[in-house]
Amino acid sequence: MDALAAELRALAPSCGPVRLVAVDGHAGSGKTTFAGRLAAALGGAPVVHLDDLATHAEPFGWTERLRAQVLDPLAAGRSTAHQVYDWTLGRFAGTAAVPLAPVVLIEGVGAGRRAVRPRLARLIWMELAAEDARRRGEERDGPALAEFWAGWARAESAHFAADPSRPYAGTTVDGVTGRISPGTVGEPSTSP
């Protein structure tokens with residue numbers, strides 16, 4: 001993890017003065033856990049959780065919110081804050097600060113989507129099959145969210161069919177062990 005953190009710090013800035021790094025993969029693949037570990041290795045790098053920008057009605061409709069509330073201010077060299085969606089209340093309630101930092105992480109399904117990739121210094125993909133990730137997520141969330149997971153699986157599948165992230169990942173991480181896959185550190189995020 002320390003080697004990856006050092007490499008990310010050494011990348012050229014990609015979003016104003018920031019090295020923007022996306023952690024993408026299927027829901028339940030370990031993105032949040034890995035991003036937290038990487039943020040710690042980076043000395044407390046800010047992490048933007050896309051679950052805070054998504055909504056029930058638009059699970060992948062967060063692109064404009066991300067651009068306006070996070071990416072544009074960072075590109076201008078400013079700290080920022082974004083709205084946080086409350087999944088229980090079903091509305092935006094509160095904000096999360098995103099301080100200007102040398103490296104900022106964005107984690108969530110679709111973090112490496114086409115609209116975000118031009119601003120990324122690196123795209124990291126959590127390698128875990130969709131069905132295994134879903135099973136993990138269902139076990140984590142319990143039977144009360146089984147209906148949500150069924151709908152989510154359809155939306156996620158449609159998203160990745162139309163806008164895949166995996167082919168553009170410069171780094172892959174085993175979603176079970178959390179280990180960085182050999183030979184992927186140092187690859188550009190935009191290689192097809």
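The values are calculated or read from the model by the stated rules, or taken from the named source; none is laboratory data. In this text the structure is predicted, and so the values were computed from the model without any measurement. Note: ideal-geometry Cβ built from the backbone for every residue, glycine included; neighbour counts use all protein chains shown. We work out accessible area using only protein heavy atoms, side chains counted, and drop any ligands, DNA or RNA first. Shrake-Rupley method; radii C 1.70, N 1.55, O 1.52, S 1.80 Å.
For the chain, carbon and sulfur atoms together expose 54% of the accessible surface, with a 1.4 angstrom probe and every protein chain in place. Short to long, the 10 Å bins of the Cα pair-distance histogram for the chain hold 9, 39, 38, 13, 1 percent of all pairs. When the chain is treated as a GNM, springs tying every alpha-carbon pair under 10 Å, which of 144, 153, 41 comes out with the largest mean-square fluctuation? Judging by the Gaussian network model, the answer is 144. In this structure the chain gives 46 Å² per residue of accessible area when probed at 1.4 Å with all protein chains present.
For residue 86 and residue 132, the FRET efficiency from 1/(1 + (r/R0)^6), where r spans their Cβ atoms and R0 equals 25 Å, is about 0.30. Computed with a 1.4 Å probe over protein heavy atoms only, the accessible area of residue 47 comes to about 40 Å². Summarise the long-distance tail of P(r) for the stretch 105-178 by giving the % of C-alpha pairs beyond 14 Å. Counting every Cα pair in the stretch 105-178, those more than 14 Å apart make up 65 percent.
Ordered by 1.4 Å accessible area with all protein chains kept, 171, 177 run largest first as 177, 171. Placing +1 on each Lys and Arg Cβ and -1 on each Asp and Glu Cβ, with no other charges, gives the stretch 1-138 a dipole about its Cα centre of roughly 340 debye.
Other residues whose C-beta falls under 11 angstrom from the C-beta of residue 121 contribute a net charge of +4, scoring Lys and Arg +1 and Asp and Glu -1.
Ligands, DNA and RNA excluded, the heavy atoms of residue 168 present near 60 Å² of accessible surface to a 1.4 Å solvent probe. Taking a Cβ cut-off of under 12 Å around residue 45, the surrounding Lys, Arg, Asp and Glu residues balance to a net charge of +2, with basic ones at +1 and acidic ones at -1. Per-residue ellipticity at 222 nm from helix content only, as computed over the chain with -39500 (n - 2.57) for each DSSP H run of at least four residues, stands at -8500 deg cm²/dmol.
Remark on residue 115: its backbone amide H falls under 5 Å from none of the residues 5 or more positions apart or on other chains, H modelled at 1.01 Å from N.
Take every Cα pair under 8 Å whose residues are at least 6 apart in sequence, average their separation, divide by the length of the stretch 1-95, and the relative contact order is 24 percent. Computed about the Cα centre, the dipole magnitude for the stretch 25-96 is approximately 180 debye when only Lys and Arg (+1) and Asp and Glu (-1) carry charge, each at its Cβ. Taking every full run of DSSP H in the chain, the ones that stretch at least 18 Å from end to end by Cα along their long axis and average 0.0 or higher on the Kyte-Doolittle scale are 146-162.
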